[in-house]
Amino acid sequence: MSLARASSLSAQTSARAHTGRKNRTQNYPSRSDRSVTRITPRGSLARALAADGIDVREYFSPSKINLFLRITARRPDGFHELASLFHVVDLGDGMKFAKSSSETKDTLICSDASIPTDESNLVIKALNLFRKKTGIEQYFWVELDKRVPHGAGLGGGSGNAATTLFAANELCGNPASEAELLEWSGEIGSDISVFFSNGAAYCTGRGEIVDNVEPPLDLGTKMLLVKPPMGCSTPAVFKALDLDSRSTADPLELLKRIGSDGCSEAVCINDLEAPAFKVLPELAELKAELTEATKDKGTVVFMSGSGSTIVIIGDDDVPAFVAADETLFKAPTRLITRKSGEWYAPTLERK
Ligand code: C5P
C-alpha cells in the first residue's frame, strides 16, 4: 500500500472510526433459533425484519470499469502485476443487511438462483474476514438483489464484498477504519480494494494497491455497457495472455494523458483484450460492431477488466443492432465517487 495514500485515508477515516456511533441495531433471531417458523418469500425478508422493528440497512453495491489496464509482469505466484485506472460506476446491486443472533452462520439470500450463497460467495468471505480481523463474533442476514452480470469484468462480486465489509463495520459501530477495511480486502480478492477509494483510483500490485486520483472525466460523461451472454473466466483470460504482444505504453504516462486529454483509443488500452478475444472470438466482433455503430458520435470503445463487457464512452444511446438483440446485456452508466465515511449511490434512475 502506498504510504501517502494510506496515511491520507487513515486521516480521513480515523475520526469517524472513533466517534463510536450509537449502535441501534437489535439482534434478529436466526431462522433455526426461532420457535415460530415464518415463510418469507425471497425479496421480502428485509420488509419482514423491518416490520419486526429490526434495524435493516440498505446499501448500493456498485461495480467498476477499467479506463486502461496494463499488465506489467507475471509473478512467480501465478498472479500478474497490473497498473490500471479503475473507476467505480453506478451500475450496481441492491444489498440489505441486518444483524442475526445466530452464533454459527450468516444467511445470504440472492435474487439470482444461479449464484451460490455458501462460503464460496464473496459476501460470506467478507463477513468471515470481518469477524477474523475484528474479533467480533457477529453473524448477519444479507439480501442481495443482483443486477450486475457476472463474468463481466465489472467487479460485481468484488463490489458486493466491499459493500459487505463497509456495512458490517457500520452495523457494528465502526470498529475498523476504512484504511483497515481496504488493507484486509486484498486477502479475499484483487478487485475489492478499489471500492474503498474515492471512486477513481490508480491501482497496482494485483490490483490491491490503491491510490486515489482525481476523476479523469466529467462525472456526467455518458457511457453504455454492453455484454454478450457469454462471460469471461478471469483465470482463463490471464492464461491466454501473451506477454510479448502487450502494449509498451507507460501506465503513468497514460494516467497523465487521460487526465489532460480525456479518453481516446490510444489511452484506453487494455492488455487483456487480445487474450479475451482469443478465449471468446465473438467479443472482438462485438467490439468492432459497437465501434462502427457509434463512430459518428466520437465514442471510445474498449473492454473492461478481463471481459466480457464492452464499454462505450461518450454516448449512451443503445445502437439499433444492440436493442434488437435480446441476448445482449445493455446498461447506460455514469462514473461515481464517494466521500470518505459515506458509501456509493447511483446517479441514473433504473427500473
Ligand atoms: O483475485 P481474483 O479472485 O479476482 O483473481 C482471479 C484469478 O485471476 C486469479 O486466480 C488469477 O488466475 C488471475 N489474476 C491474475 N493476476 C491478477 C488478478 C487475477 O493472474 N492481478
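Need pairs with beta-carbon distance below 7 Å; first residue farther than 20 Å from PHE86 by Cβ and within the range 232-260, second at pLDDT 95 or above and more than 12 Å from the ligand (Cβ to nearest atom); sequence gap 6+ or separate chains.
Within 7 Å, the pairs are ALA236/VAL279; ALA240/LYS278; ALA240/VAL279; SER245/ALA274.
Just a yes or no: is a residue in the range 175-190 modelled with pLDDT of 95 or more, surrounded by fewer than 18 Cβ atoms within 10 Å (Cβ to Cβ), of a type in the set (Asp, Glu) and closer than 26 Å to PHE238 by Cα?
yes
Those residues that are surrounded by fewer than 16 Cβ atoms within 10 Å (Cβ to Cβ) and not polar (S, T, N, Q), I need them from the range 263-277; list them, please.
Step one: of the range 263-277, the residues surrounded by fewer than 16 Cβ atoms within 10 Å (Cβ to Cβ) are 264-266.
Within the range 263-277, GLU265, ALA266 meet the criteria.
Take the residues in the range 41-67 that are within 16 Å of the chain's Cα centre (by Cα) and either within 12 Å of the ligand (Cβ to nearest atom) or not β-branched (Val, Ile, Thr) (or both), then tell me which one is nearest to ALA168 (Cα to Cα).
Within the range 41-67, the first condition is being within 16 Å of the chain's Cα centre (by Cα), and the residues that meet it are 59-67.
Narrowing further to those that are either within 12 Å of the ligand (Cβ to nearest atom) or not β-branched (Val, Ile, Thr) (or both): 59-64, 66-67.
Details: TYR59: 11, PHE60: 14, SER61: 13, PRO62: 16, SER63: 19, LYS64: 21, ASN66: 27, LEU67: 30 Å.
Here the residue is TYR59.
Can you list the strands (runs of 3 or more DSSP E) found entirely within the range 230-333 that contain at least 2 residues being within 16 Å of the ligand (Cβ to nearest atom) and of a type in the set (A, V, I, L, M, F, W, C)? Outline the logic, then answer.
On the way: elements: 300-303, 310-313, 329-333.
Answer list for the range 230-333: none.
The values are calculated or read from the model by the stated rules, or taken from the named source; none is laboratory data. Not measured: the values here are computed from a predicted model. Please note: Cβ atoms are built from the backbone with ideal geometry, for glycine as well, and neighbour counts cover all protein chains shown.
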